[in-house]
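Just below is one structure, and these are the notes that go with it.
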Amino acid sequence: MKVKNKFWLTVCFLTLFSFAKAQNHVHFMLFGGFNTSRLITDFDNAKIIAEEAKQFYNFGVGFRFEFAKILYLQPEFYLARKGGLEKAFRPDYSDSINQRADAQSVDLQVMLGFRFFDCDRFALRVYAGPVVSFLNNPRVDVQKNGFYLPVSTNTHIFSTRVGAGMDITKRLTFDVSYEYAISPMFSVLDFNTSYRILNFSLGLKIF
């Protein structure tokens, strides 16, 4: 991104933040929770068997910009782990693929949401938006009929996320969301593997 574009993006963000804060329509939030991550392999004429999901952590910070009471925009910054175990078979061959992946990631996401059944101490929400994940030191092992294969790992992954949540009192939030990776986590030979993640998190509004 060019320096000029960065400058105007920063100016717009600070202007929006200042306006919303002056109107008491912005909140700074902390999040923490866990996720259940599962690998999904995609290649032609393949039968996929998701052998086992793995549980990992996630925690982060974010802002919530509220508009017209029912609409909000929530950019978030997360640290998380993701991956899983899987066994895949080619129906037309005797080949079997065993995969194991584990990676720490830095996630940047922007959720657009709607609030309803809103009162002073309780509200329900639904939301969706894009996620960009930057992988750090991924550990990936892939075996074909017992032999290890060379793996090409992506450094960043694009996903979409949809979810629902509750605001409890004026400080606490609880969210459940589903993340669907659009780009693969790693590629081997003529197939690639991505992930699907179910996230659970508790949030605390600092202001």
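Details
- Any hit, region 33-54, residues being part of a loop (DSSP other than H, G, I, E, B), of a type in the set (S, T, N, Q) and either modelled with pLDDT of 80 or more or in contact with an Asp or Glu (Cβ under 8 Å, 6 or more places away or on another chain) (or both): yes
- Total residues in region 110-138, condition over 17 Å from VAL26 (Cβ atoms) and either free of Cβ contacts under 8 Å to residues at least 12 places away in the same chain or among the hydroxyl-bearing types (Ser, Thr, Tyr) (or both): 3
- Region 67-111 - residue that is surrounded by fewer than 15 Cβ atoms within 10 Å (Cβ to Cβ) and among the polar types (S, T, N, Q) and, of those, modelled with the lowest pLDDT: SER94
- Lone qualifier among LYS205, LYS144 - being surrounded by fewer than 20 Cβ atoms within 10 Å (Cβ to Cβ), closer than 18 Å to VAL26 by Cα and over 19 Å from the mean Cα position of the chain (by Cα): LYS205
- Looking at PHE63, PHE114, just one residue is assigned to a strand (DSSP E or B), in contact with a helix residue (DSSP H, G or I) (Cβ under 8 Å, 6 or more places away or on another chain), modelled with pLDDT of 85 or more and more than 18 Å from ASN199 (Cβ to Cβ), and that residue is PHE63.
- Residue match in region 139-157 (condition: of a type in the set (S, T, N, Q) and on the phi > 0 side of the Ramachandran plot): yes
- Counted as qualifying within region 135-207 are the strands (runs of 3 or more DSSP E) with 2 or more residues that are modelled with pLDDT of 95 or more and over 19 Å from SER96 (Cα atoms), namely 156-168, 172-181, 191-205.
The values are calculated or read from the model by the stated rules, or taken from the named source; none is laboratory data. None of these values were measured; they are calculated from a predicted model. We place every Cβ from the backbone using ideal geometry, glycine too, and count neighbours over all the protein chains shown.
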